[in-house]
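Read the structure below first, then the notes.
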4 protein chains.
Amino acid sequence: MQAQAILGTSMFDGILHAAFAHGICIFILVSAFGGISGGHINPAVTLGVALVGKINPLHAVFYILSQLAGGFLGALLVRLSIPPETFQIIYGGATLCSPGVNWMQGLIAETMTTFMLVQSVLLTAVDTDRNGLAALAIGFTVLVDVLAAGNISGASMNPGRSFGPNIVGALFIRSTLLPTHFWSLHWIYYIGPAIGAFLAAGIFRFVVTQPGNIEKRNLKF
Amino acid sequence: MQAQAILGTSMFDGILHAAFAHGICIFILVSAFGGISGGHINPAVTLGVALVGKINPLHAVFYILSQLAGGFLGALLVRLSIPPETFQIIYGGATLCSPGVNWMQGLIAETMTTFMLVQSVLLTAVDTDRNGLAALAIGFTVLVDVLAAGNISGASMNPGRSFGPNIVGALFIRSTLLPTHFWSLHWIYYIGPAIGAFLAAGIFRFVVTQPGNIEKRNLKF
Amino acid sequence: MQAQAILGTSMFDGILHAAFAHGICIFILVSAFGGISGGHINPAVTLGVALVGKINPLHAVFYILSQLAGGFLGALLVRLSIPPETFQIIYGGATLCSPGVNWMQGLIAETMTTFMLVQSVLLTAVDTDRNGLAALAIGFTVLVDVLAAGNISGASMNPGRSFGPNIVGALFIRSTLLPTHFWSLHWIYYIGPAIGAFLAAGIFRFVVTQPGNIEKRNLKF
Amino acid sequence: MQAQAILGTSMFDGILHAAFAHGICIFILVSAFGGISGGHINPAVTLGVALVGKINPLHAVFYILSQLAGGFLGALLVRLSIPPETFQIIYGGATLCSPGVNWMQGLIAETMTTFMLVQSVLLTAVDTDRNGLAALAIGFTVLVDVLAAGNISGASMNPGRSFGPNIVGALFIRSTLLPTHFWSLHWIYYIGPAIGAFLAAGIFRFVVTQPGNIEKRNLKF
């Protein structure tokens, strides 16, 4: 967002662009890889799916390591694909809180957006195989989350998306050019998504899928 | 919209942002909760479904109370998630008529947009279980309604969406900073959706699903 | 488009707004009414479907009269819903060629966009009942057509959409305030869609559905 | 993009417009023609499908010739549909690298975006016939690719899309008005997509569809 302000585009344009880019990218990857790996691409999603017992915990660990590695390699590829000045202006693509946002606001934003995302994954894909729009619902949850919280915390919802760009940004941009909260608030992109995944998985296990509640359900969509 | 004007973004950008945020959010919630509760999230939708006899009236009352409570809690969460100045600039997220819009124009806008929404719900989800795109059609109706009437009345279509932000806005913003129509036109967000729901349910019961008409129908999509 | 220039928004914003509003509205109406009437809402579509023999010609005449009446009533409702000055600025919502566009460019634009639309209707909905995304493909064809030709001719593709606003605009706006091409180029919104419908229906009848070609087809999507 | 800068619209607006126009156009064409020809419309896609053995090589040659001819005819139609000055401002619709982008950045952008596109085609349409959203996933991959790389190389991903506009642009625009990289970087729009198609087809053949891997797959979406 900082970058876009510098480039002279309006805040809302930037968020529409970011929201579609992220949300629709998740849709196409879930659509393409859902049948192979489940299409997680996100440690918070893997954590949520593990917490409801739908992925082997050891597999989950390898999933998360792969996700962090993928984010790192992707950030390197960005470094190669764009002019260095642009790379510096966007701080390597790092997720950052907007000016004036404090840690609590950023943490709430990351927690709630990740909660929504993991909830969509659990209710549309894990819980049922009859929702033909599951991949779209998951991708569009990311889209909506970026529209809602992009101006607050950047709406990462994904430690794998926040990890690589910060590392690669720190490697290739002089530290004096980085904003002070480049590292100081970086923790919210791990703690927020973790809390969100726990909340969504907890509600799923102890409310949604409780035997007494399941019987009353009547799948329509 | 007022807020966006102050922030210097153009009217049309703001509406695209609002339209996608609201419309796609409805899609993902209907997609995720359609199988659990029907995914109403809107007193006008619950009223429309009750009027065509597809939900128990007592359940409908509890649905509507939950929707109002959810809107109130959501508005509180917004208060916690963004800087107080921003909260004040957007009047707590309240739905407001644009400058120059009178009560009749606002009421027509809320009535017609809600009519469209309830009609989509009845025709794509209640009337048939063969429309695989029902959740998308419902969410996208909200999207189109915001594009069409966002500049008129804010395109709430949902008393639950209008109730909470006005209450929370009044609690946390000094009343002298609120526009005069913050409360004076607030009634249109209840009466408009109610009329729209009655119209859509009436056409559905007395035209669309009349025995003589049903026989001629030939579901293609 | 003229209106948007006056309001100070950029040309491209205006087209995104118009494209989503029109395209997604067609999607939701086809999704809701496809099972009742086919969801034509457009004389050019009805003409194309009639030319391939999938609607009774007498029914088609009544469909088209209803579409023209609907467009007229819709334009009146717009007159009631927005401030008169705004109604005048947008010329009652009439479809107009952009400044500098001559009749041939406008006619090509209306012909080609309508050709695309009728082709989508015939190939995704009329020709097969196995395309679960037909309603979306049809609505999104309108969306793309507006993005492509909105700056040329306004991308009406629909005599029913062009008829009402011009009549109502002429009734409520002083004629000296209307641009000279308000009526002088109005014919392209009837002739262009008609040619487009003939082209699409002709290719469908004499190429796509020819027995020799049908056998080789292998429906995947 | 150059054209849009001249017209005074912001970079990000232009990319949203281009992304939706291209991505959704691919969706509707794949949805309409997928059942007839597979809906390739792109030499890189045809190459990828041929490399995994799902299209007869001779047919592939004719497909590619048709795609190049279609792009040429489409570019001529653009010349007829818009005022000559606009045609000149957009350089005939040619795909061009942004100022400051070197050949390596452009080549990486074209390679990676085409890789994503061919991967989506192979995983959602060629590999399975159970993905009801395949056409949407393919079109939306183009949409995301334009959002990601539109500002770098123009995100052509398609030699058929780059060929015609450059030829027609050169025929109708005086060469002194064309930018120096109009031809000098034109090769990346053939080499990049070819590399991308080879990468995607290689991973598909030697990793995704290997017998040992196939057995473990569990198609969910």
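The values are calculated or read from the model by the stated rules, or taken from the named source; none is laboratory data. Given the structure is predicted, the values throughout are model-derived calculations rather than measurements. Don't worry about glycine lacking a Cβ; one is built from the backbone with ideal geometry, like all the others, and counts go over all protein chains shown.
Data overview
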item	result
Residues that are of a type outside the set (A, V, I, L, M), touching a helix residue (DSSP H, G or I) at 6+ places or on another chain (Cβ under 6 Å) and farther than 29 Å from A:T180 by Cβ, drawn from region A:97-154	A:Q119, A:S120, A:T124, A:N131, A:G139, A:F140, A:T141
Total residues in region C:125-176, condition more than 19 Å from C:Q67 (Cα to Cα), part of a helix (DSSP H, G or I) and among the β-branched types (V, I, T)	5
Residue that is nearest to D:Y189 (Cα to Cα) [pool: residues in region D:131-158 that are over 14 Å from the mean Cα position of the chain (by Cα) and more than 8 Å from chain A (Cβ to nearest Cβ)]	D:N151
Residue list for region D:155-207, restricted to those being among the polar types (S, T, N, Q) and out of contact with any helix residue (DSSP H, G or I) (no Cβ under 9 Å at 6 or more places or on another chain)	D:T176, D:T180
Residue satisfying all of: in region A:77-95; aliphatic (A, V, I, L, M) and free of Cβ contacts under 8 Å to residues at least 12 places away in the same chain; surrounded by the fewest Cβ atoms within 10 Å (Cβ to Cβ) among these	A:L80
All positions within region C:196-209 that are farther than 19 Å from D:G39 by Cβ and either modelled with pLDDT under 50 or loosely packed, with under 13 Cβ neighbours inside 10 Å (or both)	C:F206
Residue within region B:177-193 that is within 14 Å of chain C (Cβ to nearest Cβ) and not in a helix (DSSP H, G or I) present	no
B:A125 more than 8 Å from chain C (Cβ to nearest Cβ), small (G, A, S) and on the phi > 0 side of the Ramachandran plot	no
Every residue from region D:30-49 that is hydroxyl-bearing (S, T, Y) and surrounded by fewer than 24 Cβ atoms within 10 Å (Cβ to Cβ)	D:S37
Any chance C:L122 is surrounded by 24 or more Cβ atoms within 10 Å (Cβ to Cβ) and under 25 Å from D:F140 (Cβ atoms)	yes
Residue in region A:28-35 that is of a type in the set (A, V, I, L, M), under 13 Å from the mean Cα position of the chain (by Cα) and over 22 Å from A:F204 (Cα atoms) present	no
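Listed here are the residues, each with its yes/no results for (1) surrounded by 24 or more Cβ atoms within 10 Å (Cβ to Cβ); (2) more than 22 Å from A:G14 (Cα to Cα).
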| position | (1), (2) |
| --- | --- |
| A:A155 | yes, no |
| A:S162 | yes, no |
| A:T176 | no, yes |
| A:P179 | no, no |
| A:F182 | no, no |
| A:H186 | no, no |
| A:Y190 | no, yes |
| A:A194 | no, yes |
